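Below is one structure; the comments refer to it alone.
The values are calculated or read from the model by the stated rules, or taken from the named source; none is laboratory data. Predicted, not measured: the structure shown is a model, and the values here were computed from it. Counting neighbours? That spans all protein chains shown, and the Cβs are built from the backbone with ideal geometry, glycine included.
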Amino acid sequence: MTALSFYAALLDQMDLALEHLDKGSVHDARFALMLTDNAVELAIHKLATEKHSDLMSWSHLEKHPHTQELIEAVGQSFNAKLKYARIENMISVDQPRSPVSRR
């Protein structure tokens, strides 16, 4: 899957979330939240994976100041992905955290 098709799929997922929000029921709103949360997590994971791959290719030329955070972001933890996204200014510190990340 190319990067363009990956991000197009995420946009489709966000569009589906909007359709469910428009339905107005609590269950549809919850499903929309799950779709949105998933899309954000996938986007951050993709960006972290690409950055990790780039750094491994050029590791002999450049040292990344947040290598440990990047390695953790490539893993399974959503909190690690959020932490790295904040370090890379993908999201601001003031933006609210997902209900899932508060566990």
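Being surrounded by 13 or more Cβ atoms within 10 Å (Cβ to Cβ) and modelled with pLDDT of 80 or more is the requirement here; does Asn79 meet it? So that I can check it myself, show each step before the final result.
Values: surrounded by 13 or more Cβ atoms within 10 Å (Cβ to Cβ): yes; modelled with pLDDT of 80 or more: yes.
When the stated conditions are applied, Asn79 passes them.
Hey, among the residues in region 43-66 that are among the basic types (Lys, Arg) and surrounded by 11 or more Cβ atoms within 10 Å (Cβ to Cβ), which one's modelled with the highest pLDDT? Spell out how you get there, then give the answer.
At the first step, the residues of region 43-66 found to be among the basic types (Lys, Arg) are 46, 51, 63.
Subset that is surrounded by 11 or more Cβ atoms within 10 Å (Cβ to Cβ): 46, 51.
On the way: Lys46: 92, Lys51: 85.
Selected residue: Lys46.
(1) more than 14 Å from the chain's Cα centre (by Cα); (2) surrounded by 14 or more Cβ atoms within 10 Å (Cβ to Cβ): which one isn't true of Asp12, the others all being true?
(2)
Out of (1) exposed (fewer than 12 other Cβ atoms within 10 Å of the Cβ); (2) touching a residue at least 12 places away in the same chain (Cβ under 8 Å), what's the single condition that is false for Glu69?
For Glu69, the exception is condition (1).
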